[in-house]
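Encoded as structure tokens, the structure appears first; notes follow it.
The values are calculated or read from the model by the stated rules, or taken from the named source; none is laboratory data. Predicted model, so just to flag it, every value in this text is computed and none were measured. Ideal geometry is used to build each Cβ from the backbone, glycine not excepted, and the neighbour counts take in all protein chains shown. Quick note on the areas: whole protein, heavy atoms, side chains included, nothing else; ligands and nucleic acids left out. Shrake-Rupley method; radii C 1.70, N 1.55, O 1.52, S 1.80 Å.
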Amino acid sequence: MNYQRFFQEAIDQLHAERRYRVFADIERIVGSFPRAIWRSGAEAKEITVWCSNDYLGMGQHPDVIAAMQDAAGRMGSGAGGTRNISGTNHPLVELETELADLHGKEAGLVFTSGFVSNEAAISTIGRLLPNCLILSDELNHSSMIEGVRRSGAEKKVFRHNDVKHLESLLQQAGRERAKVIVFESVYSMDGDISPIAEIADLAQRYNAMTYIDEVHAVGMYGAHGGGITEREGLADRIDVIEGTLAKAFGTLGGYITGTKAIIDAVRSYAPGFIFTTALPPSIAAAATASIRHLKASCAEREAQQRQAARTKEILSGAGLPVMPSETHIVPVLVGDPELCKLASDRLLGVHGIYIQPINYPTVPRGTERLRITPTPFHSDGLIDGLKEALVETWTALGIPFTDTRRPGVEKTERIIPLVVPSAGG
């Protein structure tokens with residue numbers, strides 16, 4: 001048996017489908033974000049990062065770095081064990097209290113990543129509820145899909161943000177059956193927002209629990225950074241709010257918040273929580289510092305939203321196919337996996353701009369795109385430079401603009417490409 005052949009054939013298949021992933025070797029520069037050093041072999045080149053999930057640049061904030069350094073200096077580099085066996089360090093306890101307060105919940109629970117928090121929490125909730133039915137939005141993240149699968153519960157997928165379809169599934173299930181609606185607030189590839197109030201209304205009407213993923217919204221929206229649920233005054237109507245510490249908060253980890261009973265049940269039954277080493281005190285302290293800063297300061301959120309809006313305006317005005325987005329996500333359609341990779345490579349090699357290509361299975365085939373995430377630190381000059389680089393790249397590679405004429409010619413109509421949803425959930 002030639003075992004290696006099977007692995008190589010699997011990799012060859014990815015190459016054939018033009019979806020083999022190449023990781024860029026990036027060295028971020030504190031104080032110069034979004035500038036970074038890109039290393040390729042012996043070459044080192046300074047570039048601008050346009051696809052970071054460190055949406056507010058909090059990963060370089062002096063208070064966050066100082067909190068991390070102080071905790072590491074006092075308590076060491078690691079947690080020393082699982083949460084049950086010596087790993088529940090005091091900064092982690094403080095972090096969970098801070099997160100519960102952020103979302104107006106009784107308790108919080110921190111995991112090693114956002115993926116783990118979704119997988120562990122959803123699977124545990126689904127297992128503990130008798131004869132549970134999980135209703136999942138078709139564009140939910142892979143971590144949520146995995147949590148649903150591991151729960152062993154029956155699953156029904158509702159069309160993306162389609163409350164009428166969701167209601168029909170709830171009606172079929174009946175009020176007496178245990179039901180959990182799992183969905184996201186901000187869908188990160190298209191930048192659209194879910195109808196949270198309508199979903200909460202349906203959950204109340206049909207006696208269902210609600211579980212929302214706010215990973216792309218926490219820190220970003222709401223008066224204190226509590227996400228879309230805080231911005232819309234709906235946090236109290238959602239049973240479980242899940243988030244991440246690795247995006248707007250600039251550190252690492254995932255979490256859930258909810259009632260004491262729900263959080264304690266997940267804490268006590270989820271293997272993904274019980275049997276893994278806790279977050280180190282330095283990371284927990286840094287995350288708490290970041291959350292506290294963003295609770296008090298709106299400056300970062302306001303600057304980020306201003307630059308995101310300007311980026312959309314400038315790129316759309318140049319005839320680039322900016323896909324509709326209600327949020328800080330700026331997706332630019334390419335529509336072909338090979339061209340998407342070539343565009344990313346050209347932007348990096350020729351223009352010193354790093355935007356990772358987003359291909360299937362992250363997005364449906366035919367909707368391959370560059371996903372741009374402006375931050376408060378992407379100046380107007382950088383936005384103008386991005387526009388020029390994208391126009392040159394689109395022209396050089398023959399990627400379609402929003403009409404058939406060359407960029408810069410006055411346009412009579414802007415065509416928004418149709419986005420075909422995936423069959424996930």
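Have a look at SER325, SER316, SER344, SER268 and point out the one that is without any contact (Cβ under 8 Å) to a residue 60 or more places away in the chain, surrounded by fewer than 22 Cβ atoms within 10 Å (Cβ to Cβ) and either of a type outside the set (Phe, Trp, Tyr) or assigned to a helix (DSSP H, G or I) (or both).
Within the list SER325, SER316, SER344, SER268, the selection yields SER268.
Going residue by residue through segment 47-60, is there one that turns out to be farther than 29 Å from ILE256 by Cβ, modelled with pLDDT under 95, of a type in the set (Phe, Trp, Tyr) and part of a loop (DSSP other than H, G, I, E, B)?
no
Being of a type in the set (Gly, Ala, Ser) and either modelled with pLDDT under 95 or out of contact with any Asp or Glu (no Cβ under 7 Å at 6 or more places or on another chain) (or both) is the filter here, so list the residues in segment 286-311 that pass it.
ALA286, ALA287, SER290, ALA296, SER297, ALA299, ALA303, ALA308, ALA309
Tell me yes or no: at least one residue of segment 154-169 is open to solvent by less than 40 Å² (accessible area, probe 1.4 Å), assigned to a helix (DSSP H, G or I) and in contact (Cβ under 8 Å) with a residue 40 or more places away in the chain.
Within segment 154-169, none of the residues are open to solvent by less than 40 Å² (accessible area, probe 1.4 Å), assigned to a helix (DSSP H, G or I) and in contact (Cβ under 8 Å) with a residue 40 or more places away in the chain.
Does ALA289 satisfy the condition of being in a helix (DSSP H, G or I) and open to solvent by less than 40 Å² (accessible area, probe 1.4 Å)?
The answer is yes for ALA289.
Determine which member of the set THR259, THR251, THR229 is farther than 18 Å from SER113 by Cα, open to solvent by 10 Å² or more (accessible area, probe 1.4 Å) and β-branched (Val, Ile, Thr).
Only one candidate qualifies: THR259.
Assess whether ARG83 counts as being over 22 Å from the mean Cα position of the chain (by Cα) and buried (at least 16 other Cβ atoms within 10 Å of the Cβ).
yes
Would you mind finding the one in GLU17, GLU9 that is farther than 19 Å from GLN356 by Cβ and out of contact with any Lys or Arg (no Cβ under 8 Å at 6 or more places or on another chain)?
GLU9
Quick check on ASP239: is it more than 16 Å from the chain's Cα centre (by Cα) and either open to solvent by 20 Å² or more (accessible area, probe 1.4 Å) or under 24 Å from VAL116 (Cα atoms) (or both)?
yes
Residues are listed down the side, and each one gets a yes or a no for (1) touching a Cys at 6+ places or on another chain (Cβ under 7 Å); (2) among the small types (Gly, Ala, Ser); (3) under 27 Å from THR375 (Cβ atoms):
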residue	(1), (2), (3)
HIS216	no, no, yes
GLU230	no, no, yes
GLY243	no, yes, yes
TYR255	no, no, yes
VAL266	no, no, no
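Restricting segment 97-128 to residues that are within 20 Å of LYS247 (Cα to Cα) and among the polar types (S, T, N, Q), which is most open to solvent (accessible area, probe 1.4 Å)?
That would be THR97.
Here are some residues: ALA223, ALA208. Which one is of a type in the set (Gly, Ala, Ser), farther than 28 Å from VAL30 by Cα, open to solvent by 10 Å² or more (accessible area, probe 1.4 Å) and touching a residue at least 60 places away in the same chain (Cβ under 8 Å)?
ALA208
Name the pairs: first residue in segment 128-147 and more than 17 Å from SER194 (Cβ to Cβ), second residue open to solvent by less than 40 Å² (accessible area, probe 1.4 Å) and among the hydroxyl-bearing types (Ser, Thr, Tyr), Cβ to Cβ under 6 Å, at least 6 apart or on different chains?
Note: pairs meeting the criteria are GLY147/SER123.
Going through GLU9, GLU43, GLU94 one at a time, which residue ends up being over 22 Å from ARG371 (Cβ atoms) and surrounded by 13 or more Cβ atoms within 10 Å (Cβ to Cβ)?
After applying the criteria, what remains is GLU94.
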